[in-house]
Amino acid sequence: MNGNFDIQSIDKPTNKDINITFSPSTSVASYTYQIYKDNIPTNKILISNNEPATITLKETGTYQIEVQMRLLNGYTDTLTSGKYIIDKTAPVINVSQKYIETTPTNDKNLISCTATDNYSGSLTDKIITNVDSLKLNTKGKYQYTCTVQDEAGNIAQETATINVIPHNTSIYIIQAICIILILLLVYKITKLFKVVKLEERLDPYVIKPLENNALMISEQVKKIYSQFLHVFTNVLKKSVVATKYSKTLDKYTVISGVHKTGYDILSGKIIIASALTVLAVIIKAFQFKLLGSLETLGVFILGFFILDIYLFAKYKVFRWTIENDFVAAITIMNNSFKSGRSISQAIDIVAEEVGGVVGAEFKRMNLELLYGLDIEQVFKRFSKRIKLEEANYLTASLSILNKTGGDIIKVFSSIERSLFDKRKLRLELKSLTSGSRIIVYILLGIPFFFILVISLINPGYFLPFITTDIGHILLIFMIIYYIIFVVVVRKIMKVVI
């Protein structure tokens, strides 16, 4: 061999400088060495004799040295060293929370730490903490320390403050109130069950069953709920904003048995939101914690829109049923006219043949005709109650026929054909856009899916959004952006027939 390195390579990374001496043999006339850092060639040095050369490596990186030698006999030779790894970069430690406030506890997992290294990757399993030496069941401020050392010997350390405060007196008061309310509720339910069981036991021994003066539990709840609705509605009627908002909810009254007006629905939204907020306060109180302002607002907003989601879904099904029943009613009326029946007779047949809301409305129309109202007025009242575009079309057609005359069979045949074509077009459109709608639903659900997956992998990953001020701002912006995205997508996907 025409030369050698006193340090051929190193087994593991080091955080120290490396001095390597290359010693050529006596057969070498001159040589050139090239240093490669992370596989990238750097400075190239020429040595015009066969004196040893000392090479110093200082910076973080993976090095390799290549020596090209010119021998005395005119030949050349190449010698390559092993790898030298210098790691002077300390690992990075991420602490889930830099500051946390808690009541006395024995929980050792209040704060979590993760560590990554530029060479070794994850070092989380090598983290050493001082949590066992902290007396978290005693009042005071404690410094939680996470320490980790990489393979090269670099040490990183991060600290967090745990402030242990005494139990808040207000929590005990809330807990006491909650316990009293729960006991009263249990007592009331038990009493109701006793009344029902007593009636069931007495029922076989009487000739005539007892009148059920004791309402069932569900009826009791509805009664109490209706009383709250009445109180809230009287207050909301004085507000102009509440009046305008309640008008947008009036359309849902036809499917809500308890809520008679838009004011009642708005009152129900407030009651549900308040009940969920109280429930959240109770849960937090039993955890010896107080519900934060942002948490309270979030729970209230969630509860406020729960009723909207339920009524919207129920209303969509209701409208779909009405439209189908209305088409069936038009078909029956048209067949009745073809068989020589009058309008009043056709209405009577529809009332008998069609069920649901449309059947009930036609029965009402039949009664109105019996009470002396004219056909035009009856259908106007019907279209106003049912609030269906097709009903308005039917009412206008009958009004024109009533005033100018015409072939009612042709008019109803045209209406029937138009309704069937519209329904067919709607179904075809739904079929054609099904792929796009699925993609939209996937896009809308992907953020929540990723939040769930990342939270399962790293539970503390999203905590900065809740525990820091900048996180709160970013969270608000993300929610606003998501809402805008949903609104824009719905506008794009909406097709009016």
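The values are calculated or read from the model by the stated rules, or taken from the named source; none is laboratory data. Values in this document were obtained by computation on a predicted structure and should not be read as measured data. Methodologically, a virtual Cβ is constructed for each residue, glycine included, from the backbone with ideal geometry; neighbour enumeration extends over all protein chains shown. Surface accessibility is based on the protein's heavy atoms, side chains included, excluding ligands, DNA and RNA. Shrake-Rupley method; radii C 1.70, N 1.55, O 1.52, S 1.80 Å.
One table, with the values for the structure above:
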read-out	value
Cα→Cβ-extended label distance, 7 Å offset, between residue 137 and residue 173, nm	2.9 nm
Percent carbon-and-sulfur accessible area, segment 224-374, ignoring ligands, DNA and RNA, probe 1.4 Å	67 percent
Chymotrypsin sites (Phe, Trp or Tyr not before Pro) lying in DSSP loop within segment 363-416, provided at most 13 other Cβ fall within 10 Å	371
Whole-number percent relative contact order across the chain, with pairs defined as alpha carbons under 8 Å at least 6 apart	8 percent
Translational diffusion of segment 18-152, µm² s⁻¹ [Kirkwood Rh, Cα pairs; Stokes-Einstein; 20 °C; 1.002 mPa s]	112 µm²/s
Sites residue 430 and residue 245, calculated FRET efficiency, Cβ-Cβ separation with R0 22 Å, nearest 0.05	0.10
Between 0 and 90°, nearest 10: helix 408-432 axis offset from the chain longest Cα axis	10 degrees
Apportionment of accessible area to carbon and sulfur, segment 406-466, percent (1.4 Å)	73 percent
Mean separation of Cα contacts under 8 Å (6+ apart) over length of segment 350-418, as relative contact order %	19 percent
Spatially near lysine pairs across segment 1-107, Cα under 28 Å, sequence gap of 8 or more or different chains	19
Relative intensity, log₁₀ I(q)/I(0), of segment 365-497 from a Debye sum that treats every alpha carbon as a point, q = 0.16, 0.18 Å⁻¹	-0.95, -1.07
Estimated FRET transfer efficiency (residue 376, residue 102; beta-carbon r; R0 45 Å; 0.05)	0.05
Residues of segment 74-139: accessible area per residue with a 1.4 Å probe, Å²	59 Å²
Mean Cβ neighbour count within 10 Å, used as a protection proxy, ranking 78-89, 321-332 highest first	321-332, 78-89
Carbon plus sulfur fraction of accessible area for segment 1-105, probe 1.4 Å, in percent	48 percent
Per residue value of the accessible surface for segment 264-366 (all protein chains in place, 1.4 Å probe), Å²	50 Å²
When each of 269/430; 222/384; 251/316 is checked by Cα-Cα distance, pairs over 21 Å	269/430; 222/384
Fully extended contour minus Cα-Cα distance, from residue 94 to residue 21, at 0.36 nm per residue	22.2 nm
Principal-axis tilt of helix 375-386 within the chain, Cα atoms, nearest 10 degrees	30 degrees
